[in-house]
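Below is one structure, written out as structure tokens; the observations come after it.
The values are calculated or read from the model by the stated rules, or taken from the named source; none is laboratory data. Being a predicted model, the structure only gives us computed values, none of them experimental. Neighbour counts are summed over all protein chains in view; Cβ atoms, including those assigned to glycine, are modelled from backbone coordinates with ideal geometry. Areas reflect the complete protein model, heavy atoms only, side chains present, ligands, DNA and RNA absent. Shrake-Rupley method; radii C 1.70, N 1.55, O 1.52, S 1.80 Å.
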Amino acid sequence: MFSTIFTAAATVAASLFFFTSRSSGTAAGGDGASAFASPAQKEAFSRFRTNYLAVYLLVNGSDWLCGPYLYSVYKEHGLDLAWISTLSVIGFMSSAVLGSFAGSLSDKWGRRKLCLLYPLTFAASCLCIQVPSLPILILGRVFGGISTSLLFSVFETWMTSEFFARGFPAAALGPLFSTAVTLNSVVAIVAGLAANSAADALGTSRIPFLLAIVPAVVGFAIVAATWSENYGAAGAVSSPAAGVAAEKPTGVLAAIKNDISILYVGIIQACFEGAMYGFVCLFGPALDQFASAMKLELPFGLIFATFMVFVMIGSTLCGSLQSSRESVMIPSMALAAAALFASSTATSLAPTFLAFCFFEMSVGLYFPLLFSLRSKVIPDAIRGTVLNVFRIPLNILVVLILTRVGVDPVAHVLRLCGTLCAVAAASAALLYRHARAAPIGYAAVPTAEDKAESEGEEDDE
């Protein structure tokens, strides 16, 4: 069953990717080519995109190498499920508490400096996890929480600020995010299979963590050699319509008061990603309860690869859709909620696994949508701070979910995650209504639907 679903999904993903690439006239799924002012600007953007994607895929690839084996390596060190869950909570709390300072530091001290800090904290985490000592493992989770917070904030913050500072057309940003997520899915599949092969060959779950340091170091070298510094200073360049909105806010609360859409985006992120991280801890037990009854050994490597293929399908679909990002976010969140509710009521292995696959497809839709929406609504002057503030309620939700794993039935916790996705869908609906009712001052990154309007505004400027 697993091989059949993987093969079918991979065929669909490849067909979608090449179809959308050919339709847009570029192998990367489109870059808003008609919006460029000159061939020279288009060439400059191509170099910028290649450079950013190289770093983005390297640092995310390092994280993908570790992900499938975190539970396994703790078991190898002799820890029971209670301590493994405790270490996970420590990691998330570290990301919420210690990592929260990363955003304001990047805004004030420079985004490039914080991008360079990620490989260092990540490598420290990978080295700590090699040592079968509980205090060292706890320290490793603290480093891991900090590096996770940096990974999901400072690289995007640097790129978005640099993108607008170099004067690239806003229409090219959405396709860049979609391309990044799609290629990241490919990297995740390759990294998972590579980690599996390495662990099997050497007979230890610790080896993927050592391998993961290599791409992180390469990413460090590229950033150090090629990236310029940018800051979240007042007057920093943001999206064309964000200039007015960015003049007044001096903090997160002031920015939300100025534009409530920031709050809606924060709710979407906290609720959906809270459910997503909860899902990471739940899908194994949920599938295993059926597999054990069937005396079936679950192929977790193949399961992980299949999930990533569905993520790729979602991100490819997102890049090809012509509707506004706000309108697409609503059905994406609804799909996630429906998939989790369906999995909580499934009574056999196949429908449970398929429901999980569709949830992963919603993940693929979600990230490029979120990246585009955050670039629209968050003023550049405080972008890094806002992104890390968003992670505080996210990590609190994850900790609350993790404390229920092993206490409540898996189906109950899955329904809790589904409810969070339903809240995210409601917030997406409010965001869509706000965007339509108050387009003036809304920092738009246009899709094909609103491209003509935004280009007219740029000409007026």
Query raised in the report: When you go through VAL413, VAL399 one by one, which is the residue that is open to solvent by 10 Å² or more (accessible area, probe 1.4 Å) and touching a residue at least 40 places away in the same chain (Cβ under 8 Å)?
Result: VAL399
Query raised in the report: Looking only at residues in the stretch 187-207 that are of a type outside the set (Gly, Ala, Ser) and modelled with pLDDT under 85, which one is farthest from PRO368 (Cα to Cα)?
Result: ASP200
Query raised in the report: For the stretch 328-369, how many residues meet the condition of being open to solvent by less than 30 Å² (accessible area, probe 1.4 Å), farther than 17 Å from LEU420 by Cβ and not aliphatic (A, V, I, L, M)?
Result: 5
Query raised in the report: In the stretch 25-58, what count of residues is obtained for those that are outside any helix (DSSP H, G or I) and either hydroxyl-bearing (Ser, Thr, Tyr) or at pLDDT 90 or above (or both)?
Result: 2
Query raised in the report: Among the residues of the stretch 321-333, is any among the hydroxyl-bearing types (Ser, Thr, Tyr), touching a residue at least 12 places away in the same chain (Cβ under 8 Å) and out of contact with any Phe, Trp or Tyr (no Cβ under 7 Å at 6 or more places or on another chain)?
Result: yes
Report task. State all residues of the stretch 283-300 that are out of contact with any Phe, Trp or Tyr (no Cβ under 9 Å at 6 or more places or on another chain) and open to solvent by less than 30 Å² (accessible area, probe 1.4 Å); if no residue qualifies, say none. Result -> ALA291
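Okay, residues lined up against (1) aromatic (Phe, Trp, Tyr); (2) at pLDDT 75 or above; (3) surrounded by fewer than 21 Cβ atoms within 10 Å (Cβ to Cβ):
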residue	(1), (2), (3)
PRO215	no, yes, no
VAL237	no, no, yes
PRO240	no, no, yes
ILE267	no, yes, yes
PHE310	yes, yes, no
Query raised in the report: Restricting to the stretch 283-319, what's the tally of residues that are under 19 Å from the mean Cα position of the chain (by Cα) and not hydrophobic (A, V, I, L, M, F, W, C)?
Result: 5
**Report entry** Checking THR148 against (1) open to solvent by less than 20 Å² (accessible area, probe 1.4 Å); (2) over 30 Å from SER38 (Cβ atoms); (3) within 19 Å of the chain's Cα centre (by Cα), the condition it does not meet
**Finding:** (1)
Report task. Could you please let me know if LEU373 is open to solvent by less than 10 Å² (accessible area, probe 1.4 Å) and either without any contact (Cβ under 8 Å) to a residue 12 or more places away in the chain or under 21 Å from ALA291 (Cα atoms) (or both)? Result -> no
Query raised in the report: So LEU183 fits all but one of (1) buried (at least 21 other Cβ atoms within 10 Å of the Cβ); (2) touching a Leu at 6+ places or on another chain (Cβ under 8 Å); (3) among the aliphatic types (A, V, I, L, M); what number is the exception?
Result: (1)
Query raised in the report: Looking at the stretch 344-461, what helices (runs of 4 or more DSSP H) fall wholly within it and have at least 1 residues that are at pLDDT 85 or above?
Result: 349-377, 383-402, 410-437
